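Here's the structure, in structure tokens; my notes come after.
The values are calculated or read from the model by the stated rules, or taken from the named source; none is laboratory data. Nothing here was measured: the structure is a model prediction, and the numbers come from that model. Because the Cβ atoms are built from the backbone with ideal geometry, glycine has one as well, and the counts that use them run over all protein chains shown. Please note that ligands, DNA and RNA were not included when accessible areas were found on the heavy atoms of the full protein model with its side chains. Shrake-Rupley method; radii C 1.70, N 1.55, O 1.52, S 1.80 Å.
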Amino acid sequence: MSLLIKGAALFGTETSDLLVVDGRIAAVGSDAASQAPAGVETLDADGLVALPGLVDLHTHLRQPGREDAETVLTGSQAAAVGGYTAVLAMANTTPVTDTAEAALRVWELGREAGLVDVQPVGAVTKGLAGEELAELGLMARSAARVRVFSDDGKCVHDARVMRRALEYVKAFGGVVSQHSQDPALAGPGACCHEGEVSGRLGLAGWPGIAEEVIVARDVMLAKHTGSRVHVAHVSSAGSIDVIRWAKAQGIDVTCEVTPHHLVLTTDLLVGYDPVYKVNPPLRPTEDVLALREALADGTIDAVATDHAPHARHDKEHAFVDAAFGMLGLETALGVVRTAMDDDFDWNDIARVMSRTPARIAGLDDHGGQLAPGEAAHVTLVDPTARVTVDRAASVSLSRNNPWHGHELTSRVVHTVFGGKVTVRDGALA
Ligand code: DOR
């Protein structure tokens, strides 16, 4: 099976053809077309930017347990439409992904859907309870080859448990992705950033310091254990200071930011619209600007969506009662492109949305250079398109989309996963 991608600007620069044969890039350049077999399927990429397929370190697919909000199939569809070819599926499903069997099930569902690589994230602790380590080794040794472990949604708040987890995953090159949030520093019922806006609205909040103390503790534990820690959805400027310091010391820490934390601020909460309720919470403008700066200067390694679909009956409630989380897969690229200025070029986008997340997750087949021999995971983007987001047009099962009505720059036109066209002209193929 072969595919000829015609006239794409690789990483936004040199225009070239790409020939794909049997799922791999076979040739790149002006002579690629001449090597194509007769009757080859072609994809017109004139005027489009070619990137290696995007990789999301942080997706909630909700299966098993909450198939009313999303399934591995619908989440894979949303991922493909967003230009992704690999997603890391978070462990806070029902039941929790804390055994090899549970991880394998998610991995197999991903293969059945066949639209992106669905790589399960294993829980750090059994039932996300924060006490006993989950089957980390068995998950790692299973066919699903779990490498990223997270209790996301909850913080591994016990330092002893976190230390043991870091020691354990080191043995197989794994990483703990931490939801950094000290529960002792958040009041009961916390549901937004603690600050001027929460005071005015009478809502209980998480202060930035609740995140920062855990980030500080964890980088010291990573140093002590010689292991690797990843800070999930970093949201506070103070955390960035700690991570910048830790990296300068040579500590093995990486971090991700969500598209929403790069743009949306806590001021949006004045209307009590639960679509803006998310954990970690939307922060003030100072934090948002610090995150953008850190993404531009490389302190932040990756953009990850924290795609968190919720059924209407969980999300459309009074603010304090609504579920935490927002959709992100279909809009991530456009939001990042819109948030960052033009100095942040397509190579930077490829670095933070494909190459580095693939490296963090140990996905050797992703995040390549669009060079011959690599797996053919390719995202083709119209860099000049302007798209007004319509939540009704989403392929996700859920509708908690904070970008509804926003105009975003750029649009994913085609997605190619392992040589197969999964999205053509913006729609599932
Ligand atoms: O807003 C969030 N939603 N934050 C999390 O950490 C978990 C996620 C979810 O599972 O809905």
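Accessible area of region 297-389 with a 1.4 Å probe: how many percent of it is carbon plus sulfur?
On the way: 1530 of 3340 Å².
Of all accessible area on region 297-389, carbon and sulfur atoms account for 46 percent.
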Practice task
Could you tally up the Lys pairs in the chain with alpha carbons closer than 26 Å? Skip any pair fewer than 8 positions apart unless they're on separate chains.
Solution key: 13
Fill in the blank from the handout: For region 326-367, the charge dipole (Cβ of Lys, Arg +1; Cβ of Asp, Glu -1; about the Cα centre) points to a positive end, and the Cα of Pro357, Val335, Trp346 closest to that extreme belongs to Pro357
Handout entry: Other-chain or far-sequence residues with amide H under 5 Å of Leu43's (modelled H)
Key = Leu4, Ile5, Lys6
Exercise for the section: Report the one residue of Gly82, Ala294, Leu61 whose Cα lies farthest in the direction of the positive end of the charge dipole of the chain (charges on C-beta: Lys and Arg +1, Asp and Glu -1; origin at the Cα centre). Expected result: Leu61
Problem - Computed magnitude of the charge dipole of region 106-175 (debye, nearest 20; Cβ of K, R +1, Cβ of D, E -1) - result: 280 debye
Fill in the blank from the handout: In region 198-238 the accessible area split gives carbon plus sulfur, as whole percent at 1.4 Å, a share of 63 percent
Exercise for the section: Would you pull out the residues with amide H under 5 Å of Arg24's amide H, same chain only if 5 or more places away, H placed 1.01 Å from N? Expected result: Ala376
Practice task
Return the single residue from Phe324, Phe344, Phe11 with maximal mean-square fluctuation; model: Gaussian network over the chain, springs between Cα atoms under 10 Å.
Solution key: Phe344
Handout entry: In Hz, Karplus ³J(HN,Hα) per residue of region 304-315 (6.51, -1.76, 1.60; θ = phi - 60°; x = Gly, Pro)
Key = 10, 6, 6, 3, 10, x, 9, 5, 3, 6, 9, 9
Completion exercise
Most fluctuating of Thr71, Thr85, Thr384 in the GNM of the chain (C-alpha, under 10 Å) is Thr384
Handout entry: For region 236-253, 3J(HN,Hα) per residue [Karplus equation, 6.51 cos²θ - 1.76 cosθ + 1.60, θ = phi - 60°, Hz, x = Gly/Pro]
Key = 10, 4, x, 5, 4, 4, 5, 5, 4, 4, 4, 5, 5, 7, x, 6, 7, 10
Exercise for the section: Give me the percent of the accessible area of region 1-109 that comes from carbon and sulfur atoms, probe 1.4 Å, all protein chains in place. Expected result: 51 percent
Exercise for the section: Go through region 126-156 and name the GluC sites (Glu not before Pro) that are in a DSSP coil and have 15 or fewer other Cβ atoms within 10 Å of their Cβ. Expected result: Glu131, Glu132
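Quick one: in region 360-429, what % of C-alpha pairs are over 16 Å apart? Walk me through the numbers before you get to the answer.
On the way: 1484 of 2415 pairs.
In whole percent, the share of Cα-Cα pairs in region 360-429 beyond 16 Å is 61.
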Problem - Cubic angstrom per residue, convex hull over Cα atoms of region 1-157 - result: 130 Å³
Fill in the blank from the handout: For the chain, the per residue accessible area (1.4 Å probe, Å²) is 37 Å²
Problem - region 277-323, Cα convex hull volume normalised per residue, Å³ - result: 79 Å³
Practice task
Compute the distance in nm between two label points, each set 7 Å from the Cα along the Cα-to-Cβ direction, one at Glu407 and one at Asp365.
Solution key: 4.1 nm
Exercise for the section: Kindly give the semi-axes, whole Å and largest first, of the ellipsoid equivalent to the chain, taking each as the square root of 5 times a Cα gyration tensor eigenvalue. Expected result: 33, 24, 21
Exercise for the section: Could you list which residues have their amide H under 5 Å from that of Gly12, counting only those 5 or more apart in sequence or on another chain, with H placed in the peptide plane? Expected result: Ala50
Fill in the blank from the handout: Length-normalised contact order of region 81-223, Cα under 8 Å, at least 6 apart, in percent, tallies to 18 percent
